[in-house]
Amino acid sequence: MPLLDHLVELRQRLLYSLVALIVLFFACYYVAEDIYGFLVRPLGDILAETGGNRRLIFTALHEAFFTYIKVAFFAALFIAFPFIAIQVWLFVAPGLYRHEKMALLPFLIATPILFFLGGAMVYYFIFPLAWKFFLSFESVGAAGALPIQLEAKVDQYLSLVMRLIFAFGLCFELPVVMTLLGRVGIVTADGMRRKRKYAIVLAFVAAAILTPPDVISQIGLATPTILLYEISILAVGLVEKKRKEAEARDDDEEPESEPDPEPSADPGPKPAGDTPAA
């Protein structure tokens, strides 16, 4: 298609994605309180064990409202991601060969699954450990001293939870990214093995930046990242092996060049009748 038709197609796909996101946003806002209750449940379960009248607070009039707006937006974006990915695929797929489509389709399917696994890990494993660690700094107060007790704000809790969920979800996309880079030849399995020590350091640096300043969440993010890096090495090695086998198969199937035809024998002198007149 000409460039203008490509731009029209891109506008249509973007419009479909935007409409889907808006519709899902209003649907999620209708149940935003239930979604927030699901996100706050790990903290609520731990606070219930300590007893007492525990709560979340907000100190600005608009704080709770905008918190529900953020909850609805994040939930709509998460739910709409498969639909948005399909729109991207429909825009790109007509320009790909059949073998390229078959190569990219598994990555398109694996991306939301790995992101969901990362979010599930932080929700069911990291949150309970991290919240217990933070609550361990509460104190009842000695004689003449005031007690130290948690009074968490709703917007700060949401920001922390969503940052951890997106950090773990993005880190779980490491095998997909590295395998795609290996498929196009940017990285190799041997190169990744040689740079393993640098990858371990970068994993802990990224964990220190993306997570709160506590040992539990940092180790909880760095350890799966290192394991995913090792899985990426295996995946890139498998891609390289398949590419070499395909190249060898293409070389075997390439027809040999035919030899040049031998020059024909000398037909001898031409008949006298064919000799041009002097």
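The values are calculated or read from the model by the stated rules, or taken from the named source; none is laboratory data. Bear in mind that the values here come from a model prediction, so they are computed numbers and not experimental data. No Cβ is skipped: glycine too gets one built from the backbone with ideal geometry, and neighbour counts run over all protein chains shown.
Among residues of the stretch 64-84 that are over 15 Å from residue 36 (Cα atoms), those with a beta-carbon under 8 Å from a residue that is modelled with pLDDT of 90 or more and buried (at least 20 other Cβ atoms within 10 Å of the Cβ) at least six positions away or on a different chain give the pairs 79/28.
Among the residues making up the stretch 159-199, those that are of a type in the set (D, E, K, R) and within 28 Å of residue 126 (Cβ to Cβ) are 163, 173, 195, 196, 197. Taken over the stretch 214-253, the residue count meeting the criterion of being more than 24 Å from the chain's Cα centre (by Cα) and either surrounded by 14 or more Cβ atoms within 10 Å (Cβ to Cβ) or assigned to a loop (DSSP other than H, G, I, E, B) (or both) is 1.
Residue check: is residue 187 surrounded by fewer than 17 Cβ atoms within 10 Å (Cβ to Cβ) and over 16 Å from the mean Cα position of the chain (by Cα)?
Values: surrounded by fewer than 17 Cβ atoms within 10 Å (Cβ to Cβ): no; over 16 Å from the mean Cα position of the chain (by Cα): yes.
No: the conditions fail for residue 187.
Looking only at residues that are assigned to a helix (DSSP H, G or I) and of a type in the set (Val, Ile, Thr) in the stretch 113-161, which one is surrounded by the fewest Cβ atoms within 10 Å (Cβ to Cβ)? Once the filter is applied, the top-ranked residue is 113. For the stretch 33-47, the count of residues that are over 21 Å from residue 164 (Cβ atoms), hydrophobic (A, V, I, L, M, F, W, C), at pLDDT 90 or above and out of contact with any strand residue (DSSP E or B) (no Cβ under 8 Å at 6 or more places or on another chain) is zero. In the stretch 220-250, the residue that is farthest from residue 135 (Cα to Cα) out of those that are in contact (Cβ under 8 Å) with a residue 60 or more places away in the chain and small (Gly, Ala, Ser) is 235.
Report the residue count in the stretch 208-219 for those that are of a type in the set (Gly, Ala, Ser) and touching a residue at least 24 places away in the same chain (Cβ under 8 Å). Selection size over the stretch 208-219: 1.
Do we have any residue at all in the stretch 256-277 that's polar (S, T, N, Q), closer than 30 Å to residue 99 by Cβ and modelled with pLDDT under 75?
Taking every residue of the stretch 256-277 in turn, at least one turns out to be polar (S, T, N, Q), closer than 30 Å to residue 99 by Cβ and modelled with pLDDT under 75.
When residue 38 is tested against (1) surrounded by 14 or more Cβ atoms within 10 Å (Cβ to Cβ); (2) in a helix (DSSP H, G or I); (3) more than 17 Å from the chain's Cα centre (by Cα), only condition (1) is not met.
Being on the phi < 0 side of the Ramachandran plot, among the hydroxyl-bearing types (Ser, Thr, Tyr) and within 19 Å of the chain's Cα centre (by Cα) narrows it down to one of 67, 111, so name that one. Can you show your working first?
On the way: 67 fails: within 19 Å of the chain's Cα centre (by Cα).
None of the others qualify; the one that does is 111.
Being in a helix (DSSP H, G or I), within 30 Å of residue 136 (Cβ to Cβ) and of a type in the set (Lys, Arg) is the requirement here; does residue 55 meet it? If you could, list the steps in order and put the result at the bottom.
On the way: in a helix (DSSP H, G or I): no; within 30 Å of residue 136 (Cβ to Cβ): yes; of a type in the set (Lys, Arg): yes.
No, not satisfied.
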